[in-house]
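Written out below as structure tokens is the structure these notes cover.
The values are calculated or read from the model by the stated rules, or taken from the named source; none is laboratory data. Note that this is a predicted model, so its numbers are computed, not measured. Here the Cβ positions follow ideal geometry from the backbone for every residue, glycine too, while neighbour counts run over all protein chains shown.
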């Protein structure tokens, strides 16, 4: 049994993000959730980039080269890059292309494989996480930043990202 059996709503979350982001203007995307916080474009770009870091760079899944984030370990919107502003079209592409990787993981990682260790001591001494840790981190990270995006979307009077969708 694959992990899609327990994370089956994740594709709806991504689709809801795409629907919420696609119609936004550059002014909308420039809005932060609050003082000293990233603009919406950086929140969404960061969310998508971190999928690549954790699933490809850390866990070894293929697909980095099919996304805009071929250097996710060192350069993600928000964390390292607040200069190269992403527009709605670029963000939609980022969400869709990185979700192809998530989707493949949902279909290929099994419940039993979640206890498998991923040893990335080559990146940082002693850095060992299970597939379950990585899956939980990426999913929770998506939800965290969706909530942050919803703060902005609500303030703008726009439709929100619905993690449960119909």
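Would you confirm, using the coordinates I've provided, whether residue 42 is surrounded by 17 or more Cβ atoms within 10 Å (Cβ to Cβ), under 16 Å from the mean Cα position of the chain (by Cα) and within 13 Å of residue 101 (Cβ to Cβ)? Against the criterion (surrounded by 17 or more Cβ atoms within 10 Å (Cβ to Cβ), under 16 Å from the mean Cα position of the chain (by Cα) and within 13 Å of residue 101 (Cβ to Cβ)), residue 42 does not qualify.
I'd like the full set of residues that are in contact with a helix residue (DSSP H, G or I) (Cβ under 6 Å, 6 or more places away or on another chain), over 27 Å from residue 160 (Cα atoms) and in contact (Cβ under 8 Å) with a residue 24 or more places away in the chain, limited to the stretch 47-72. If the condition is that a residue be in contact with a helix residue (DSSP H, G or I) (Cβ under 6 Å, 6 or more places away or on another chain), over 27 Å from residue 160 (Cα atoms) and in contact (Cβ under 8 Å) with a residue 24 or more places away in the chain, then 56, 59, 61, 63, 66 are the ones that fit. Here residue 102 fits the description: closer than 16 Å to residue 17 by Cα and at pLDDT 95 or above.
Can you say whether residue 44 is touching a residue at least 12 places away in the same chain (Cβ under 8 Å) and farther than 27 Å from residue 126 by Cα, as far as the supplied structure shows?
So residue 44 passes the test.
Of note, residue 154 does not satisfy the criterion of being in contact with a helix residue (DSSP H, G or I) (Cβ under 7 Å, 6 or more places away or on another chain), outside any strand (DSSP E or B) and either under 23 Å from residue 13 (Cα atoms) or without any contact (Cβ under 8 Å) to a residue 24 or more places away in the chain (or both).
Would the stretch 76-90 turn up any residue that is on the phi > 0 side of the Ramachandran plot and within 16 Å of the chain's Cα centre (by Cα)? Yes, because at least one residue in the stretch 76-90 is on the phi > 0 side of the Ramachandran plot and within 16 Å of the chain's Cα centre (by Cα). In the stretch 1-117, counting only helices (runs of 4 or more DSSP H) that sit wholly within it, the ones holding 1 or more residues that are within 26 Å of residue 158 (Cα to Cα) and touching a strand residue (DSSP E or B) at 6+ places or on another chain (Cβ under 8 Å) span 26-29, 40-52. Among the residues of the stretch 21-39, the ones that are at pLDDT 95 or above, under 17 Å from residue 142 (Cβ atoms) and surrounded by fewer than 22 Cβ atoms within 10 Å (Cβ to Cβ) come to 1 in all. Against the numbered list (1) touching a helix residue (DSSP H, G or I) at 6+ places or on another chain (Cβ under 8 Å); (2) within 30 Å of residue 125 (Cα to Cα); (3) buried (at least 22 other Cβ atoms within 10 Å of the Cβ); (4) modelled with pLDDT of 95 or more, residue 77 comes up short only at (4).
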